[in-house]
Amino acid sequence: MAAVASATTAPSLNKAVEELAISTSAPPEKYIRKEGLGGSASELPYLDIPVVDLSLLNSSTPEAEEELKKLRLGCSSCGYFQAINHGIVTSFIDEVHDVTRKFFKLPIEEKKKYARDVDDFDGYGNDTAYSENQTLDWNDRLYLNVKPENKRKMKVWPENPTNFRQILLDLTAKLENVNEFVSKAMAKSLGLEEDCFSKQYGENPIGLARFNFYPPCPTPDLVLAAKAHGDASAMTYLLQDKEVEGLQALKDDKWYKVRIVPEAIVVNVGDQIEIMTNGIFKSPIHRVTTNRERERMTIAVFFAPDVTSEVKPAEGLFNEKNPKLYKSIIDYTGNFFQLSQQGKRPIDALKV
């Protein structure tokens, strides 16, 4: 999600992580995690994530009820589900992966034409350094605000590949439809009016895309591709790399790997849906590991309410026996980054 903070530029950030991966035998000190990673990724079990067939959710059949139960179970137990039959054809998803790969394979100087400003978030770059003591993530990424339209910063939208911009617009529109459908299904699974979550998105909801490139790392046991975090979004939709794993989720204080499911979109609850559901649905803490031999590319699209909308627990999810767990907030995203850089989990600050 978009940040509202000023950054300092560490000397190592003059180079993309891609360049560091090629030119150094060991990552710079700024990338090394002193506390370790809590065990080898290969030793971790897989997280039990429900696979939900979205095509079955819109009917009045026993199959639809079963899928609704799986959706609710995933969102309430671990904060994840794997969406299949989501209505986005495989050939289009292949195009998304293709333009992502072509962009990141451009020469460094070509990619730097779309570099983010030091005090901004949109554009091509790597981990933003907010303090001298921050441990950096081993990735290069391209952040782009897509919705609302007046938030687009077209100077950092790639024109190479030539179809990149149109693919991004199409992807966001398709996933926006999926998100509307999923929001209604989530409400239905909790016995609420179908539009109760959709209403909280407001008139100008946020749509943000992040294209991720994780180069190989010579010390995967000491370096993370993305530090542990929850998402500031309402919902997140991830197109996984088709071959290389890396996403891990925390459940019951233990780390688990997230399996690659062919044709599936990985869907996770963000902090703002946890607030709207009064804590019934969980915004999972997750991270991304590095790989010694192989690079990895993913595409994440985040949806969040209008910055002027009040986000709060939905009526019907709290009463005298089940009290309200979260205070309401406007512009959670802006508050998110200010608190997270203080080492706090922002959603905790809203607990009643």
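List of remarks:
- Kirkwood Rh and Cα Rg combined as Rg over Rh, evaluated for the chain: 0.95
- Degrees separating the helix 90-104 axis from the principal Cα axis of the chain, which is the longest one: 30 degrees
- Proximal lysines relative to LYS105, as straight alpha-carbon distance under 22 Å, when same-chain residues fewer than 8 apart are discounted: LYS15, LYS113, LYS155, LYS242
- What the phi angles of region 302-309 give under the Karplus curve with 6.51, -1.76 and 1.60, with θ = phi - 60°, is a coupling list of 10, 10, 8, x, 3, 5, 9, 7 Hz, glycine and proline written as x.
- Under conditions of 10 °C and 1.306 mPa s, region 131-272 yields 90 µm² s⁻¹ as its translational diffusion coefficient, taking Rh as the Kirkwood radius over Cα pairs in the Stokes-Einstein equation.
- Listed by Cβ neighbour count within 10 Å, with the fewest neighbours leading, SER328, SER76, SER183 appear as SER328, SER76, SER183.
- Region 276-333-region 82-140 distance, computed between alpha-carbon centres (Å): 22 Å
- Principal-axis tilt of helix 62-77 within the chain, Cα atoms, nearest 10 degrees: 50 degrees
- Nearest 10 degrees, 0 to 90: helix 164-189 Cα axis against the chain principal axis: 30 degrees
- Residues with amide H under 5 Å from that of ILE285, placed H, sequence gap 5 or more: LEU250
- Sequence-distant residues sharing a close amide H with TRP138 (under 5 Å, placed H): LEU224, ALA225, ALA226
- When MET186, MET276, MET154, MET297 are sorted by how many other C-beta atoms sit within 10 angstrom of their C-beta, beginning with the fewest, the order is MET154, MET297, MET186, MET276.
- Charge dipole (region 11-350, unit charges on Cβ, about Cα centre) - positive-most of GLN134, GLY191, ILE299: GLN134
- Calculated mean residue ellipticity at 222 nm for the chain: -7500 deg cm²/dmol, from DSSP H runs with n ≥ 4 weighted as -39500 (n - 2.57), summed, divided by the residue count and rounded to 500.
Bear in mind that the values in this text are calculations on the coordinates, not laboratory data. On a predicted model such as this, the values are computed, not experimentally measured, just so you know. Reconstructed Cβ throughout: ideal geometry from the backbone, glycine too, with neighbour counts over all protein chains shown.
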